[in-house]
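One structure is given below, encoded as structure tokens.
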């Protein structure tokens, strides 16, 4: 017998954890190429970009716990519960790599070790990038 959605949520709440609900569009976005930006103190005067990265393949970046900066690495300046991860969907891996290089060059994130040379603008059939960039925020975890 399958558990209802409500029963599943009760189980998770009983473990003192929160759950996320993703739309189909958000799920597809997380599967496709995208650029991601980790922001410290979002929506404040001290807001700053800590890291910019790109996901072009089938890896789990930036959600991999072994990610060299965003994973559980024991750095003194690890990801905080108030940080915000912004996902920028891209139409192709080529465009995603270009956008990542541009963002790193413009934002100079504290945690990026490399400063890539900005490649030539990719040849894109449609200049319009997807408009459904999403913010994945902490869902109330303490």
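Between residue 93 and residue 4, what is 0.36 nm times their sequence separation minus the Cα-Cα distance? Round to one decimal in nm.
Working: separation 89, 0.36 × 89 = 32.04 nm, distance 3.79 nm.
Residue separation times 0.36 nm, minus the Cα-Cα distance, leaves 28.2 nm.
Give me the distance in nm between label points sitting 7 Å out from Cα along the Cα-to-Cβ direction at residue 25 and residue 63, one decimal.
The answer from the label model is 1.9 nm.
Within the stretch 26-51, whose backbone N sits under 17 Å from a point 7 Å along Cα→Cβ of residue 106?
Taking a point 7 Å out along Cα→Cβ of residue 106, the residues of the stretch 26-51 whose backbone N falls under 17 Å are 34-39, 48-51.
None of the figures in this text is laboratory data; all of them are computed from the coordinates on show. The shown structure was predicted, so the numbers you read here are calculated from the model rather than taken from an experiment. Backbone-built Cβ (ideal geometry, glycine too); neighbour counts: all protein chains shown.
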